[in-house]
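Encoded as structure tokens, the structure appears first; notes follow it.
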Amino acid sequence: MSIGLTAEATLHPLVLPARADAADADEFRELARIRNLVYREITGREEQDLTHEALLPLLRSREERTTRVWAVRVGDETVGRAVVDIPHEEGSRVAIATVELRPRVWGRGIGSAILPHIEAFARDHGRTVIQNWTEQQQGDGDRLTARTGIGSVPDDHVARFLTRHGFVLEQVYRISSLPRTAESHERAQQLLAKAQEASTGYRVLQWEIPTPAEHVDGFAWLKSRMSTDAPSAGLDADEEAWDADRLIRSEQRIVEMSQRLLVTAAQHVDTGELAGFTELGIGPDLSATTHQHDTLVLREHRGHRIGQLVKCAALLRWSDVAPESPSIITYNAEENRPMLAINEALGFTAIAYEGAWRKDLT
């Protein structure tokens, strides 16, 4: 049943099809097209594009979260979407919300009319905090600084919309890109040699998913620490419970999305414990942009250049996986100086910034 938003706009709960190419998937495919178009219009880049087949698994509810999707229409035209995730972690107070509209319909009150429905959905699920991650168009005007005091985003239409509706900018992520050239390859080799000198008690392990059985438990533990050991500023960060089953389900989704994912891990030689890791991923088009996903070094293993070790080893191995991919993109919290220092040494440069916003419901 559609929900009236304004005199011209409506909100439509989306029923996901069983398959992206199913006979009843037209509405979903149009929403997927508009999703890609919104990202391109806002960022001016294409690396966030997802095929219909890749987007569908991301929008399905799963054991660890409930997901609800709405299409936003003006008349008969789809102009955006709203998505809310409700994590199932024990004690979670958070709803993660996304509202994406084509810029040409901004300023018509549509976003303001959507927010009460998102907040009602969050409250119905017992949530008291809404969090949102949004990349904004870059500009030379005024800036809004995060509550961490580190990093800023343009104080533009998007920022004013969020602050007007009670959201606070808690954290800023730097979006960085590395062109893959002979020079960057040589730089990674040099930095890898230096990291190996400082991490003599560790060995590098690499695999494309699925994770080998002997590393499933250790890698699941590393994934769980992403929610507690990575900088989260004033955001409400749930401690995620990862076990072998959750890891296997996660990797099955990645395969369903036709993605390739290389895991590079550092193993502590004396104990056999996995101490850190990084992930590089790409879709079926191996000439597209590569994404560096999760990267983490366990707190108890820091100080041995393990982050540098796994990042350099991953970049060098990636030449065998996707040699035609022209660049690598990654996201890091601005206060995560150790990881940013590694990226900068490798040649990554900032191309954009993403704000992490929080609203406490009253």
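Figures for the structure shown
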{"read-out": "Mean Cα-pair separation over length for the chain, i.e. relative contact order, pairs under 8 Å, 6 or more apart, %", "value": "20 percent"}
{"read-out": "Contact order normalised by residue count of region 177-355, Cα under 8 Å, 6+ apart, percent", "value": "31 percent"}
{"read-out": "Spherically averaged projected area in nm², based on the convex hull that wraps the Cα atoms of the chain", "value": "18.3 nm²"}
{"read-out": "Loop-located GluC sites (Glu not before Pro) in region 202-309 whose Cβ has at most 13 other Cβ within 10 Å (DSSP)", "value": "239"}
{"read-out": "Packing rank of 50-61, 178-189, 28-39, where each peptide gets the mean count of other beta carbons within 10 Å, highest leading", "value": "28-39, 50-61, 178-189"}
{"read-out": "Region 138-218 - convex hull of the alpha-carbon atoms, volume per residue in Å³", "value": "233 Å³"}
{"read-out": "Bridge type composition, region 177-355 - antiparallel percent by DSSP, nearest 5", "value": "90 percent"}
{"read-out": "DSSP beta bridge pairing in the chain, given as percent antiparallel to the nearest 5", "value": "95 percent"}
{"read-out": "Compactness of region 1-155 as Cα Rg over 2.2 N^0.38 Å, two decimals", "value": "1.09"}
{"read-out": "Values of log10 I(q)/I(0), in the order q = 0.12, 0.20 Å⁻¹, for region 171-278 under a Debye, Cα-only, solvent-free model", "value": "-0.57, -1.26"}
{"read-out": "Counted charge near residue 27, where neighbours are those whose Cβ lies closer than 13 Å (Asp, Glu -1; Lys, Arg +1)", "value": "0"}
{"read-out": "Region 177-355: C-alpha gyration tensor shape, a/c 1.5 cut-off, then a/b vs b/c", "value": "rounded"}
{"read-out": "Alpha-carbon spread of region 112-183, three principal axes, descending order, Å", "value": "54, 28, 24"}
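None of the figures in this text is laboratory data; all of them are computed from the coordinates on show. Here the structure is a predicted model, which is why all the values come from computation and not from measurement. Methodologically, a virtual Cβ is constructed for each residue, glycine included, from the backbone with ideal geometry; neighbour enumeration extends over all protein chains shown.
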